[in-house]
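Just below is one structure, and these are the notes that go with it.
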Amino acid sequence: MRHLKQEFDKLSIREIIVYTIAALGQIAMIVLVFLGMYLEPKGEIHSSVLTCYGLECGFTTALLGISQHYSAELRNFKSNITTLLKDTANESNT
């Protein structure tokens, strides 16, 4: 649990907002998909519209998650390379 808190503390405000939007989108997707399957059409909106919108919400949140994941991986990679270059420079100076 301590590791999870440390990882959460590393997140920027932008990442927290993106993850919150993705979580809300996932919740909306699940609710709308189930509503679209189990509600009777009462003339207001067809269940296929709700189902389609729910699936679009899921797709969007998946894209947000994938984008955020690879952005974090790229940042970690850059940090590791920078550290490695600094260590190499320090070793060659001594």
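Bear in mind these aren't lab numbers, they're just calculated from the coordinates by the rules spelled out. Small disclaimer: the values here were computed from a predicted structure and weren't measured. Here the Cβ is made from the backbone with ideal geometry for all residues, glycine too, and neighbour counts use every protein chain on show.
Please compute the contact order of the chain in relative form: average sequence separation of alpha-carbon pairs under 8 Å and at least six residues apart, divided by the residue count, as a percent. Spell out each step's value before the answer.
On the way: 53 pairs, mean separation 25.9, N = 94.
After rounding, I find 28 percent.
Pop the C-beta distance of residue 92 and residue 8 into the FRET formula with R0 = 41 Å and round what comes out to the nearest 0.05. Write out the running numbers ahead of the final one.
Values: r = 38 Å, r/R0 = 0.92.
E between residue 92 and residue 8, to the nearest 0.05, is 0.60.
Compute a Gaussian network model of the chain, connecting alpha carbons closer than 10 Å, and tell me which residue from 18, 33, 49 fluctuates the most.
Of 18, 33, 49, the Gaussian network model singles out 49 as fluctuating most.
Taking only DSSP H segments of four or more residues, each worth -39500 (n - 2.57), what value at 222 nm results for the chain once the sum is divided by all its residues, to the nearest 500 deg cm²/dmol? Provide the component values of the computation, followed by the final result.
Details: 3 runs with 81 residues, N = 94.
Value at 222 nm, helices only, nearest 500: -31000 deg cm²/dmol.
Consider all pairwise Cα distances in the stretch 1-40 and report the whole-number % of them above 13 Å. Before the final figure, lay out each step's value.
Numbers: 504 of 780 pairs.
Summing the P(r) of the stretch 1-40 above 13 Å gives 65 percent of all pairs.
Say each of residue 19 and residue 74 gets a label point 7 Å from the Cα, pointing the same way as Cα to Cβ; how far apart are those two points in nm?
Each label point is offset 7 Å from its Cα along the Cβ direction, giving 2.0 nm.
Can you pull the one-decimal nm distance between simple spin-label points at residue 82 and residue 49, each 7 Å off the Cα toward Cβ?
With each label placed 7 Å out from Cα toward Cβ, I get 5.0 nm.
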